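Peer 1: One structure is given below, represented as structure tokens, and several questions about it will come after.
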Amino acid sequence: MVKKIILDTNFLVAPFQLSISLFEEFDRLYSFYNIYTIEDAVEEAKSIKSGKYGDLVEKLIDTQDIEVLETTGEGTVDDLLVGLSDEYIIATNDKGLKQRVLEKNNPLVIIRSESYLEVVNGREQDL
């Protein structure tokens, strides 16, 4: 079964801030997966540190075949991702977003020790 993983803003910039190979880690966790993000998360990532990561985020999206989903609905990036967490595994290290997704009993992928990924909440087999 193909897993659908959606990246939060901090996962879009993590490869440029940490010594982690996200996609090797996703390969370790899942045999088959597709990676997504939302337009608002891309725009948020591109604005970090006065746009320092803008071109890098665009290149990451292109080289890793990350599908950028059109943002629909109202609210912050976190609000939108919580709404999508019933259909996607959310990849985030944002404390507030993690708590909200876990309250819905939905799975997460998080970065541990700045070097590897871990799945939190075992309900992920349903996604």
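Peer 1: With the requirement that a residue be out of contact with any strand residue (DSSP E or B) (no Cβ under 7 Å at 6 or more places or on another chain) and of a type in the set (A, V, I, L, M), what does the stretch 1-17 give you? Outline the logic, then answer.
Peer 2: First pass over the stretch 1-17, keeping only residues out of contact with any strand residue (DSSP E or B) (no Cβ under 7 Å at 6 or more places or on another chain): 1, 9-10, 13, 15-17.
Hits for the stretch 1-17 are 1, 13.
Peer 1: Hey, can you tell me all the residues within the stretch 70-89 that are buried (at least 17 other Cβ atoms within 10 Å of the Cβ) and either in contact with a strand residue (DSSP E or B) (Cβ under 9 Å, 6 or more places away or on another chain) or without any contact (Cβ under 8 Å) to a residue 12 or more places away in the chain (or both)?
Peer 2: 77, 80, 81, 82, 84, 85, 88, 89
Peer 1: Of all residues being assigned to a loop (DSSP other than H, G, I, E, B) and among the polar types (S, T, N, Q) in the stretch 85-106, which is nearest to the chain's Cα centre (by Cα)? Just the residue, please. Before you say what the answer is, go through the steps one by one.
Peer 2: Applying the first criterion (assigned to a loop (DSSP other than H, G, I, E, B)) to the stretch 85-106 yields 85-88, 92-94, 104-106.
Right, trim to among the polar types (S, T, N, Q) and you get 85, 92-93, 105-106.
Details: 85: 11, 92: 5, 93: 9, 105: 17, 106: 14 Å.
If we take residues in the stretch 85-106 being assigned to a loop (DSSP other than H, G, I, E, B) and among the polar types (S, T, N, Q), then 92 is nearest to the chain's Cα centre (by Cα).
Peer 1: Has the stretch 73-84 got any residue that is under 25 Å from residue 1 (Cβ atoms), assigned to a strand (DSSP E or B) and not aromatic (Phe, Trp, Tyr)?
Peer 2: no
Peer 1: Looking only at the stretch 90-120, count every residue that is surrounded by fewer than 20 Cβ atoms within 10 Å (Cβ to Cβ), closer than 19 Å to residue 41 by Cα and of a type outside the set (Val, Ile, Thr) and tell me the total.
Peer 2: The number of residues fulfilling the criteria is 7.
Peer 1: Checking the conditions here, which among 68, 57, 119, 109 is of a type in the set (A, V, I, L, M, F, W, C) and part of a helix (DSSP H, G or I)?
Peer 2: Answer to the selection: 57.
Peer 1: For the stretch 36-68: of the residues being touching a Lys or Arg at 6+ places or on another chain (Cβ under 8 Å) and not hydrophobic (A, V, I, L, M, F, W, C), which is surrounded by the fewest Cβ atoms within 10 Å (Cβ to Cβ)?
Peer 2: It comes out as 58.
Peer 1: Among the residues of the stretch 1-47 satisfying the criterion of being part of a helix (DSSP H, G or I) and of a type in the set (Ser, Thr, Tyr), which is modelled with the highest pLDDT?
Peer 2: Top of the filtered list is 9.
The values are calculated or read from the model by the stated rules, or taken from the named source; none is laboratory data. Since this is a predicted model, take the numbers as computed values, not measurements. Note: ideal-geometry Cβ built from the backbone for every residue, glycine included; neighbour counts use all protein chains shown.
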